[in-house]
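First up is the structure itself, then whatever we jot down about it.
The values are calculated or read from the model by the stated rules, or taken from the named source; none is laboratory data. In this text, all values refer to a predicted model and were calculated from it rather than measured experimentally. Note: ideal-geometry Cβ built from the backbone for every residue, glycine included; neighbour counts use all protein chains shown.
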Amino acid sequence: MKVKKVHQCLVCEKVFSTSYKLTRHTSIHTGERSYHCPECLKGFIDKSSLKKHQRIHTGEKPYHCSVCLKDFTGLSSLKQHQRVHTGEKPYHCSVCLKDFSDKSSLNKHQRIHTGEKPYHCSVCLKDFINKSSLYEHQRVHTGEKPYQCRVCHKDFRQSGHLNAHMKLHTGEKPYQCSVCPKLFSVKCALVRHMRNHTGEKPFQCPVCQKDFKQSCHLNSHMRLHTGEKPYQCTVCPKLFSAKSALVRHMNTHAGENTHECPECQKMFSSESFLVKHMTLHKEYKPYKCSKCQKSFLEEENLVKHLEIHTGKTPYKCSECQKDFSRKSNLILHQKIHEGEKPYSCSLCSQSFAHKIKFENHMRSHNTEQPYQCSRCLESFSHKINLVNHMITHI
């Protein structure tokens, strides 16, 4: 009886049926790569791996799927692809029992349980679970944006970001809210929206334990504790902790309302303000006030509105002890004590603490009269003047 020879690796004690397989495996430990590609000089541990690699340069794809006729450079790639048609998932996670069609996907998945992050950024030393995530991250440092939109030619760092962007052009919105009829082009936007219905705030500040619906809101909030103000005005030396605050501030230098609402013709100084205003014209407002029947798009706006009926004024000025129902009103009021007047008129250099007073003042220069009487059609530059005028019709 012929005795079958067993070949064992001296490093990891793995057993092989042939000496060739052992030699090929040993090169993994030694790092030896004797076969090099003449095109890109990349090294390989055996001739078959080199031959498979060279098909990248030649474009040869000798293996064909009999179902969809797709071509592949290697037999292993074809077998892995065929599981898409058969639904076979032979690799199982021993922790959560999730199934995978190929071993590499299983290995990547298991790092979620082990916490292993074997790929490291050489610039900022950040660690990653897989190589593809490292490559995507490195583009932050290099500035590379290899994915371009074929419609508007905008560049992106990740293919996923490009795919999400393309839906803006196609108008595709495959993700629908199960509570309201709102549709979304990407799944993450739906997930964020659902928190308006559930009230979930999964992001918590480690300093003051305040909760937030979105991670970007937490990041902005954390700067209140760190004092970081990374956004600087290009006109004056003022710094801001949030980009939105910088945008609002920049409008004080411009002093112009160039964005018009197509519904009511009201003018706004930025596109973001116009977009926010446009929600007022939307018909679907699921949150209704039981006192005055006023409707709101978001639940948190209804909660703020209810404070008007309850008379609740939880925000107190530390200087004059005046009470306010909303935090935003308190912040506006405190500018009186601080002497801060961020809204400056570019025509007469007069400054204002509140934006609404600044806008009213600007109308005195351009003679804009947006407030019109519905009875006699007389127009006024300030709302209070219209209110006083309406009394004459009573």
Original post:
Looking at this structure, is E60 of a type in the set (D, E) and at pLDDT below 85?
Top reply: no
Original post:
Just wondering, is there one or more residues in region 132-143 that are touching a strand residue (DSSP E or B) at 6+ places or on another chain (Cβ under 8 Å) and farther than 24 Å from H81 by Cβ?
Top reply: yes
**OP:** Just need a number here: residues in region 106-132 that are more than 23 Å from H92 (Cβ to Cβ) and aliphatic (A, V, I, L, M).
**Re:** 2
Original post:
Cβ-Cβ below 8 Å, separation at least six or inter-chain, first residue in region 38-58 and within 21 Å of T23 (Cβ to Cβ), second of a type in the set (D, E) and loosely packed, with under 13 Cβ neighbours inside 10 Å: which pairs?
Top reply: I45/E32
Subject >> Residue ID - farthest from T26 (Cα to Cα), chosen from residues in region 40-66 that are in contact with a Phe, Trp or Tyr (Cβ under 6 Å, 6 or more places away or on another chain) and in a helix (DSSP H, G or I) >> reply: L50
Original post:
Restricting attention to region 151-170, which residues are surrounded by 13 or more Cβ atoms within 10 Å (Cβ to Cβ) and either aliphatic (A, V, I, L, M) or under 19 Å from K285 (Cα atoms) (or both)?
Top reply: L162, A164, M166, L168
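Condition check ((1) surrounded by 11 or more Cβ atoms within 10 Å (Cβ to Cβ); (2) in a helix (DSSP H, G or I); (3) modelled with pLDDT of 70 or more) across all residues:
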residue: K357; (1), (2), (3): yes, yes, yes
residue: H361; (1), (2), (3): yes, yes, yes
residue: H365; (1), (2), (3): yes, yes, no
residue: E368; (1), (2), (3): yes, no, no
residue: S374; (1), (2), (3): no, no, yes
residue: L377; (1), (2), (3): no, no, yes
residue: V387; (1), (2), (3): yes, yes, no
residue: I391; (1), (2), (3): no, yes, no
**OP:** Return yes or no: is K117 modelled with pLDDT of 85 or more, basic (K, R), closer than 22 Å to A189 by Cβ and surrounded by fewer than 15 Cβ atoms within 10 Å (Cβ to Cβ)?
**Re:** no
Original post:
So V247 clears everything in (1) surrounded by 13 or more Cβ atoms within 10 Å (Cβ to Cβ); (2) modelled with pLDDT of 85 or more; (3) not small (G, A, S) except one condition, right? Which one?
Top reply: (2)
Subject >> Selection from region 227-244 of residues that are of a type outside the set (A, V, I, L, M, F, W, C) and either assigned to a loop (DSSP other than H, G, I, E, B) or exposed (fewer than 14 other Cβ atoms within 10 Å of the Cβ) (or both) >> reply: G227, E228, K229, P230, Q232, T234, P237, K238, S241, K243, S244
Original post:
For region 108-203, which fully contained helices (runs of 4 or more DSSP H) count at least 2 residues that are under 30 Å from E299 (Cβ atoms)?
Top reply: 159-170, 187-198
Subject >> Unique match (being farther than 30 Å from D71 by Cα, among the hydroxyl-bearing types (S, T, Y) and out of contact with any helix residue (DSSP H, G or I) (no Cβ under 8 Å at 6 or more places or on another chain)) among T58, T18 >> reply: T18
Subject >> Residue ID - modelled with the highest pLDDT, chosen from residues in region 251-270 that are surrounded by fewer than 17 Cβ atoms within 10 Å (Cβ to Cβ) and closer than 21 Å to K341 by Cβ >> reply: H253
**OP:** Filter region 93-103 down to residues that are part of a loop (DSSP other than H, G, I, E, B) and surrounded by fewer than 13 Cβ atoms within 10 Å (Cβ to Cβ), then give me how many there are.
**Re:** 4
Original post:
Has region 23-34 got at least one residue that is loosely packed, with under 15 Cβ neighbours inside 10 Å, more than 17 Å from G74 (Cβ to Cβ) and modelled with pLDDT of 80 or more?
Top reply: no
Original post:
Across region 171-194, which residue is surrounded by the fewest Cβ atoms within 10 Å (Cβ to Cβ) among those that are in contact with a Ser or Thr (Cβ under 9 Å, 6 or more places away or on another chain) and over 19 Å from K285 (Cα atoms)?
Top reply: G171
Subject >> Matching residues in region 51-92 - criterion: being exposed (fewer than 14 other Cβ atoms within 10 Å of the Cβ), polar (S, T, N, Q) and within 38 Å of the chain's Cα centre (by Cα) >> reply: S76, T86
Original post:
Quick one: would you say L69 is farther than 26 Å from S132 by Cβ, among the aliphatic types (A, V, I, L, M), assigned to a loop (DSSP other than H, G, I, E, B) and without any contact (Cβ under 8 Å) to a residue 60 or more places away in the chain?
Top reply: yes
Subject >> Number of the exception - L224 against (1) under 30 Å from S349 (Cα atoms); (2) assigned to a helix (DSSP H, G or I) >> reply: (1)
